[in-house]
There are 2 protein chains.
Amino acid sequence: MHLDDLILVSIDDHIIEPADMFERHMPVRFKDDAPKYVRGGPDGVDHWEYQGQQTGNVGLNAVASWPHQEWDFDPVGQSEMRPGCYDLELRVKDMDANGVLASMCFPTFAGFNGMSLARSTVDEDLTKIVVSAYNDWHIDELAGEHPGRFLPLAILPVFDSPGMVAEVKRVAAKGCHAVSLPEAPYGVGLPAFDDDGYWNPVFKACEDLDVAVCLHIGGSFGLIQRPPNFMIDNLIILAPQLSAIVATDLILAGTFRKFPRLKVALSEGGIGWIGFFLDRLDRHVWNHSWTGLKIADEDITPSELWRRNFLGCFITDPSGLAVRERIGIDTIAWECDYPHSDSTWPRSPETVWDELQRVGASDEDIHKITWQNACRFFSFDPFQHRSQERSTVAGLRATATDVDVSETSRQTYKERYFANA
Amino acid sequence: MHLDDLILVSIDDHIIEPADMFERHMPVRFKDDAPKYVRGGPDGVDHWEYQGQQTGNVGLNAVASWPHQEWDFDPVGQSEMRPGCYDLELRVKDMDANGVLASMCFPTFAGFNGMSLARSTVDEDLTKIVVSAYNDWHIDELAGEHPGRFLPLAILPVFDSPGMVAEVKRVAAKGCHAVSLPEAPYGVGLPAFDDDGYWNPVFKACEDLDVAVCLHIGGSFGLIQRPPNFMIDNLIILAPQLSAIVATDLILAGTFRKFPRLKVALSEGGIGWIGFFLDRLDRHVWNHSWTGLKIADEDITPSELWRRNFLGCFITDPSGLAVRERIGIDTIAWECDYPHSDSTWPRSPETVWDELQRVGASDEDIHKITWQNACRFFSFDPFQHRSQERSTVAGLRATATDVDVSETSRQTYKERYFANA
């Protein structure tokens, strides 16, 4: 096997929602109530407006192609971005150029898990309609019009338990096998995962309909008190470390006792902490047997539960890959994170190949990690629309020799954008 | 090499302070002002009184020898404890029976890092005297009367920067090379480590006098918001995961730019998270070069800084040991944690030997991890008072064939205690 033979399915990327996303998906009589994209002038930053207020962020951390010294975490408008961030056809070209066969895209202005939309909600019934329209755009337009290139991912009206159940059922019927939820709901004003009345119906629907729950990092950062003068570096470094908190909360909430077939992906959570975490949990349940903790009705260890219910997700993770057998070789999946700063685009194949070779991964391990585990977990058939041969890094890159992946400044993008406008 | 040839130096154990600890160490005119040990009746729990109020805990989690179903986290009096918890001679015998040559003992009633004493302080000048008396007991009596068996560890008057400096100088002059500080001072009402006016003089004294700083887990648990119904398991599982937060805070505070020779041990922090953490930090400083983060004045990577300044400490850590080279083989040290629930006593040699064999550690690696790294880091000569041959697991256990290490109930200890009283 060679780098060119890699097949890459990324289960964490980010779409910058295009300005016209709601046009074909809001019911006609609510069309005027959909969130609106408001363009800034040459020096302004675009924003979305919903129910009379600014909501979410147009383009947080959408730094693809920028020189590193131009990066920041401020919101940015489309004019300064690499167009592949928000233009669906160019997004696919950017995937081709990076040898990525398929991608799962988290929202931006709506919040990774729909929380930005929820926060700016005045009329909950209207937001339920907006959430459905959002999902229809994602499933029918982003994924549907680019067959085999996107794993659909839905958001839910997180403020309403029955509304979430209804939306899970609706999107599952459309072939969507993943929903994004806040990783620490009690940290954002929602009931914790052990609130059975609130979450059980949602998890039950997900379990019954083979819909995996994606918990993306970032939502739990507010859980930790930071020192008075903390820096942005603090957040960037620690965000994936907090996935251990999220996993602990979920396991201790009894979630997998109640829903033994529920699948949970810790999106962008990294994998290097998982072996350590499972060592501790495995020891804990017998060493601290006095607490009476019961993580499952079956007689299984936490490590076995992990292999049954979880998917660990990484962008680059040399130490985690070195202990892949301890984590569970069938529970690890790769991510690209385009267009965010942690992404390895446009050299993802080189980066992940190098890491896998250094830890002596077999061809079988490589295929599991770069596509097979993700496809099984999210019930996604990668070769339904494209032969396996044409789905490799070499096969995809051959179709994208015209894509310029070189470093390009914000200013250059801006000039091009307004020249084309 | 065989299990019997192991040499074990544990840098994290816990002493239950004996009732008479202050008798020989408080200045005569303040003798009546020392903390007092107040015994409960047959059904009561002992406590310490200081400045008119109850302070700290007599014996938190001192579960050695108890059947697992009798464990809990409630404070317990001496009557129910294994006597090796608080009787210095019997402590040494318990170390012998477990093949442990030397031990670093953290306080109990004073708080792992002196915080319990600080919290119950009304008269700061008096507490400074108590802290010094505490340290004199630890250095002269616990360590001094059992030569070669204890690595001395001091606490500091954390509420007073010049007072801390004075105490560092005083204990260093007595041959003490370690102090215990709160791992997240801003979480317990103290200035954060980036408060130069407060901490720089302390770190300067530690650096100049070769005194390592020990940051024991537990002190940062209050930093994270927990779900409303969280269980004790949550705390037990997560405590070491938070060491990544502590290390991040300290590194980002510029501590090692200001004090490149300062040594920091993350006591009981585990090691399985460190490879993951360093992978992320190493990538962060070049990938996020835009933030301008400067962790050291020298041109070194975070991994190199780690190897220079930190000591990772573990009790049992199979996944961490598997990536010991990635963490840094010279930066890993073993702990016993007697008499707490996470301890491997009385089968520490068997446990750590088994873990080291499973990951294929060489004899050289084993010696570094079980004693050499700790002795170098804390400037401790293990064979000054005892030949290397008599310091092995076999050599020590041969002297302790009379020690009963079998499971013994709280009730049995209580009956024996009051029968002897």
Peptide A:372-379 - average C-beta neighbours from other chains (10 Å radius): 0
Identify, among A:ALA184, A:VAL168, A:PRO201, the residue whose Cα sits farthest towards the positive end of the charge dipole of the stretch A:154-218, taking +1 on the Cβ of Lys and Arg and -1 on the Cβ of Asp and Glu, with the dipole about the Cα centre. A:VAL168
Any idea what the dipole of the stretch B:1-54 comes to, in debye rounded to 20, about its Cα centre with Lys/Arg Cβ at +1 and Asp/Glu Cβ at -1? 400 debye
With 0.36 nm assigned to each residue of separation and the Cα-Cα distance removed, B:PHE73 to B:ASP402 gains 115.5 nm
Whose amide H sits under 5 Å from the amide H of A:ALA178, counting only residues 5 or more places off or on another chain, with H placed in the peptide plane? A:ALA154, A:ALA212
What number, in percent, do you get for the relative contact order of the stretch A:116-275 if the mean sequence gap of Cα pairs under 8 Å and at least 6 apart is divided by its residue count? 20 percent
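How big is the B-A contact in terms of buried accessible area, both chains counted, 1.4 Å probe, rounded to the nearest 100 Å²? Kindly include the intermediate steps, with their values, before the conclusion.
Values: alone 17370 and 17360 Å², together 29190 Å².
Chains B and A together bury approximately 5500 Å².
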Highest GNM mean-square fluctuation, chain B, Cα pairs closer than 10 Å: which of B:GLU304, B:GLU183, B:GLU80? B:GLU304
With the label 7 angstrom out along Cα to Cβ, how close does B:THR412 come to the same site in each of the other copies, in nm, nearest first? 7.7
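Of the listed peptides A:288-295, A:165-172, what is their order by residue-averaged count of other C-beta atoms within 10 Å, with the highest listed first?
Order by mean packing, descending: A:165-172, A:288-295.
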Suppose a student asked you for the relative contact order of the stretch A:24-173, using Cα pairs under 8 Å spaced at least 6 residues apart; what percent would you report? 20 percent
Spin-label pair B:TRP286/B:ASP210, simplified geometry with 7 Å Cα→Cβ offset, distance in nm: 3.6 nm
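Roughly how big is the stretch B:172-221's charge dipole about its Cα centre, with Cβ charges of +1 (Lys, Arg) and -1 (Asp, Glu), in debye to the nearest 20?
Numbers: 2 positive and 7 negative charges, 45 e Å.
Value, rounded to 20: 220 debye.
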Bridge type composition, the protein assembly as shown - antiparallel percent by DSSP, nearest 5: 30 percent
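I'd like the mean, over residues of B:67-73, of how many other protein chain beta carbons sit within 10 Å of each residue's own Cβ.
Numbers: counts 2, 6, 3, 1, 5, 2, 3.
For peptide B:67-73, the averaged partner shielding equals 3.
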Any chance you could get the radius of gyration and Dmax over the Cα atoms of the stretch A:341-421, in Å? 17.0, 50
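Using the membrane-span-like helix rule (whole DSSP H runs, Cα extent along the own axis of at least 30 Å, mean Kyte-Doolittle hydropathy at least 1.6), which helices of chain A qualify? Present the calculation step by step, with values, prior to reporting the outcome.
Working: long enough: none.
Membrane-span-like by this rule: not one helix.
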Sort shortest first the distances from B:GLY175 to its counterpart in every other copy, using label points 7 Å along the Cα-to-beta-carbon line, and give them in nm. 7.7
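Hey, what number do you get for chain B at 222 nm if only DSSP H runs of n ≥ 4 count, each worth -39500 (n - 2.57), divided across all residues, to the nearest 500? Intermediate values should be presented prior to the final figure.
On the way: 17 runs with 143 residues, N = 421.
Calculated mean residue ellipticity at 222 nm is -9500 deg cm²/dmol.
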State the Cα centre-to-centre distance between the stretch B:327-399 and the stretch B:20-65 in whole Å. 32 Å
To the nearest 0.05, what FRET efficiency results for A:ARG386 and B:ARG390 with a Förster distance of 60 Å applied to their C-beta separation? 0.25
Where the accessible area of the protein assembly as shown is counted over protein heavy atoms with a 1.4 Å probe, how much of it, in %, is carbon and sulfur? 49 percent
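What size of dipole, in debye to the nearest 20, comes out for the stretch B:10-148 about its Cα centre when the only charges are +1 on Lys and Arg C-beta atoms and -1 on Asp and Glu C-beta atoms?
160 debye
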Unit charges at the beta carbon, dipole of the protein assembly as shown: most positive-side option, A:CYS85, B:HIS146, B:LEU126: B:LEU126
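To check you understand DSSP bridge types, tell me what percent of the beta bridges within chain A (both residues inside) are antiparallel, rounded to 5.
Numbers: 7 of 26 bridges.
Counting only bridges with both partners in chain A, antiparallel ones make up about 25 percent.
Scan the stretch B:201-292 for trypsin sites (Lys or Arg not before Pro) in coil per DSSP, keeping those whose Cβ has at most 12 other Cβ atoms within 10 Å, and list them by number. The partial results should precede the final answer.
Details: sites: B:LYS204, B:ARG257, B:LYS258, B:ARG261, B:LYS263, B:ARG280, B:ARG283; in loops: B:ARG261, B:LYS263.
Within the stretch B:201-292, the qualifying trypsin sites (Lys or Arg not before Pro) (loop, at most 12 other Cβ atoms within 10 Å) are B:ARG261.
Restricting to DSSP loop positions (anything but H, G, I, E, B) with no more than 15 other Cβ atoms inside 10 Å of their own Cβ, which trypsin sites (Lys or Arg not before Pro) remain in the stretch A:324-373?
Values: sites: A:ARG324, A:ARG326, A:ARG347, A:ARG358, A:LYS368; in loops: A:ARG347.
Loop-located and lightly packed - A:ARG347.
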Evaluate 2.2 N^0.38 Å with N set to the residue count of the stretch B:263-317, then give the Cα radius of gyration divided by it. 1.23
Rounded to two decimals, the Debye log10 I(q)/I(0) of the protein assembly as shown (Cα scatterers, no solvent) at q = 0.05, 0.06, 0.07, 0.10 Å⁻¹ is -0.30, -0.43, -0.57, -1.07
Excluding same-chain residues fewer than 8 positions from A:LYS36, which lysines have a Cα within less than 26 Å of its Cα? A:LYS128, A:LYS174, A:LYS414
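Which three semi-axes in whole Å describe the equivalent ellipsoid of the stretch A:60-191, each the square root of 5 times a Cα gyration tensor eigenvalue, listed largest first?
Values: eigenvalues 145, 79, 29 Å².
For the stretch A:60-191, the semi-axes come out at 27, 20, 12 Å.
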In nm, to one decimal, how far is the A:ASP123 label point from the A:ARG376 one, both placed 7 Å along Cα→Cβ? 4.7 nm
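Need one number: the % of Cα-Cα pairs in the stretch A:102-169 sitting beyond the 20 Å mark. If you can, show how the numbers build up before the last one.
On the way: 595 of 2278 pairs.
Of all Cα-Cα pairs in the stretch A:102-169, 26 percent lie more than 20 Å apart.
Which whole number gives the average count of other chain Cβ atoms within 10 Å of the Cβ atoms across peptide B:264-275? Please report the intermediate quantities before stating the final value.
Numbers: counts 0, 0, 0, 0, 0, 0, 4, 1, 12, 8, 3, 10.
Taking the mean over all residues of the peptide, I get 3.
The values are calculated or read from the model by the stated rules, or taken from the named source; none is laboratory data. All values derive from a computational prediction rather than experimental measurement. Here Cβ is always computed from backbone atoms with ideal geometry, including for glycine, and neighbour counts include all displayed protein chains. We work out accessible area using only protein heavy atoms, side chains counted, and drop any ligands, DNA or RNA first. Shrake-Rupley method; radii C 1.70, N 1.55, O 1.52, S 1.80 Å.
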